[in-house]
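Everything on this sheet refers to the single structure shown next.
The values are calculated or read from the model by the stated rules, or taken from the named source; none is laboratory data. Quick caveat, the model's predicted, so the values are computed rather than measured. When we count neighbours, we look across all protein chains shown, and the Cβ atoms used for this are built from the backbone with ideal geometry, even at glycine.
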Amino acid sequence: MKPLSTVQAIRPADADDRPHEECGVVGFSGVPNAAEFAFLGLYSLQHRGQEAAGIVAVDDDGTARVHKDLGLVSDVFGPEAIQRLVGSTALGHVRYSTAGGGGARNAQPIVATYADGDLAVSHNGNLTNAIDLRRRLVEDGAIFQSTNDSEVIVHLMARSRHETIDHKVDDALSHLEGSFSIVFSVADTLYAARDSRGFRPLVLGRLGDGAVVASETCALDIVGADYVRDVEPGEVLKIRDGVVQNLRPLEPADRHAPCVFELVYFARPDSRLWGVSVDRARRRFGRQLAREHPVEAECVIPVPDSANSSALGYAEESGIPYELGLLRNHYVGRTFIKPSQADRDFGARMKYNPVREVVDGKRIIVVDDSLVRGTTSRSLAKFFRNAGAKEVHMRIASPPVQHPCFYGIDMPSREELIGSSRDVQQIREELGLDSLGYLSLDGMLDAVSEAGPFCDACFSGDYPAPLVDVDKGFAPGNRGPIC
Ligand code: AMP
């Protein structure tokens, strides 16, 4: 590739092409009708991405067939689509919806045919040098069809000068910086790898004589696969007909840095991540929160569903009864009905409604897993007061989010993060709360110390992997040309 200095800025920053890649991935090898299992796996990973879903299946001749579209897994795949996806190797992807999110062209897996056959890539994470790599590749003649990081990997594979496919895999992965838990296929061989810091989860399972890789253990449970182990940070697996083989690991990092926000918010509570039960981790956060920020009240109410476990922990530790005082509508989709642009609570009212009988005349403790912009808490404080709550005490089962994430969690810019420019009292006032308490950073990390050290950059500003694109001054949305 040519040196950076020869590369021109080609396309203005595009607000829709944000670098967030919150996703879920699955891969199956040596499993008859693998696409059916991939469908189920993705179904259980729906919480990791609701914008788009896709599956690629590879038959015995190495031919890849793809079906992907915008929408939920159950909307994108009907029986006919699954039947067309023939083969005992399959990989799948669900993508998170950001504002715009790049639309259908960014749906994964990405599929291409190159010298070694059909190549398909599913990627979870966010490369911090994707724009840099893209620009160099474009300068070298590459043509991109999407703005997602996976396509960079396709080009790196196709352009590698190494002889064997395994060496090309090694070469391509060694260019990547930032976070990636990736599953890809070359013909009917599956590869799976995790970046050397291990930001995003990836687990290995067994299904009969076949092998499974998935973002979370809940995807193993749904297909009846046995958990074998986590794919280690920097590990590169080659899987053929269900037989798992280790390739040369990636260059080790100075430290591992699994994302603590996966435990706080993103992962499902019935999953185990890095040897920790997500439910147990959240309960410990809640218990510690109760020790750090006790308050007299009649009940503890979770903001469902992501704070259910931490609120249980708070209730257990404080001895204050746990009450289901807030209902969440699980069927909220996009809606075109907006009563008034000035109605700032509209989004939250579509999603949440307090149970008057639980909160009326009470001092309540409301537990949420995190405070990002403060939008949810501001609305909830009003809803609870309107439903008769006497006092509203908010408890947050993580520290203030003060810094954006560059490793694959969708966080707004620093200016939009309510915790980045205000202290706790100012936030309490702004949100209209009687009191507000955050879990301390040490309290959170100590609660899950057996799985650390973690990446806690969104709380601490300590970024473990170099932010190459940011340091080079590339606008986050400017990923170069597409055609
Ligand atoms: P906010 O309303 O902006 O303060 O966001 C906090 C709420 O959004 C909490 O209820 C969280 O459960 C949820 N949340 C936190 N992080 C994310 C994320 N990356 N994507 C979507 N929702 C999130």
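Worth pointing out:
- Helices (runs of 4 or more DSSP H) (entirely within segment 3-86) containing at least 1 residues that are within 19 Å of the chain's Cα centre (by Cα) and at pLDDT 95 or above: 34-44, 73-76
- Looking across segment 360-377, just one residue is part of a strand (DSSP E or B) and either surrounded by fewer than 17 Cβ atoms within 10 Å (Cβ to Cβ) or among the acidic types (Asp, Glu) (or both), and that is 368.
- Hits in segment 378-405 - residues which are away from the ligand (no atom under 14 Å from the Cβ), touching a residue at least 40 places away in the same chain (Cβ under 8 Å) and surrounded by fewer than 20 Cβ atoms within 10 Å (Cβ to Cβ): 385, 391
- Here residue 444 passes the criteria (1) modelled with pLDDT under 95; (2) touching a Phe, Trp or Tyr at 6+ places or on another chain (Cβ under 8 Å); (3) away from the ligand (no atom under 14 Å from the Cβ) except the one numbered (1).
- Pick from segment 174-187, criterion crowded, with 24+ Cβ neighbours inside 10 Å and not aromatic (Phe, Trp, Tyr), ranking: nearest to residue 112 (Cα to Cα): 185
- Residue ID - farthest from the ligand (Cβ to nearest atom), chosen from residues in segment 350-359 that are assigned to a helix (DSSP H, G or I) and touching a residue at least 12 places away in the same chain (Cβ under 8 Å): 356
- A Cβ distance below 7 Å, combined with a sequence gap of six or more or placement on separate chains, defines the contacts here; from segment 251-276, residues that are at positive phi reach residues that are away from the ligand (no atom under 16 Å from the Cβ) in the pairs 274/230; 274/258; 274/451; 275/450; 275/451.
- Residue 414 fulfils the conditions (1) within 16 Å of the ligand (Cβ to nearest atom); (2) without any contact (Cβ under 8 Å) to a residue 40 or more places away in the chain; (3) farther than 24 Å from residue 126 by Cα except for a single criterion, (3).
- Here 357, 317, 323 are screened, and the one residue that is surrounded by fewer than 14 Cβ atoms within 10 Å (Cβ to Cβ) and either at pLDDT 95 or above or in the same structural domain as residue 417 (by TED's automatic domain parsing) (or both) is 357.
- The condition of being under 27 Å from residue 455 (Cα atoms), buried (at least 24 other Cβ atoms within 10 Å of the Cβ), touching a Gly at 6+ places or on another chain (Cβ under 9 Å) and not aliphatic (A, V, I, L, M) holds for only one of 287, 200, that being 200.
Residues are listed down the side, and each one gets a yes or a no for (1) modelled with pLDDT under 95; (2) within 25 Å of residue 460 (Cβ to Cβ):
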residue	(1), (2)
344	yes, no
349	yes, no
353	no, no
364	no, no
368	no, yes
375	yes, yes
379	no, no
391	no, no
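- The requirement of being in the same structural domain as residue 215 (by TED's automatic domain parsing), out of contact with any strand residue (DSSP E or B) (no Cβ under 7 Å at 6 or more places or on another chain) and closer than 27 Å to residue 305 by Cα is fulfilled nowhere in segment 53-70; no residue meets it.
- Any chance residue 408 is of a type outside the set (A, V, I, L, M), on the phi > 0 side of the Ramachandran plot, within 13 Å of the ligand (Cβ to nearest atom) and in contact with a helix residue (DSSP H, G or I) (Cβ under 7 Å, 6 or more places away or on another chain): no
- Identity of the residue in segment 294-320, assigned to a helix (DSSP H, G or I) and within 16 Å of the ligand (Cβ to nearest atom), that ends up farthest from the chain's Cα centre (by Cα): 314
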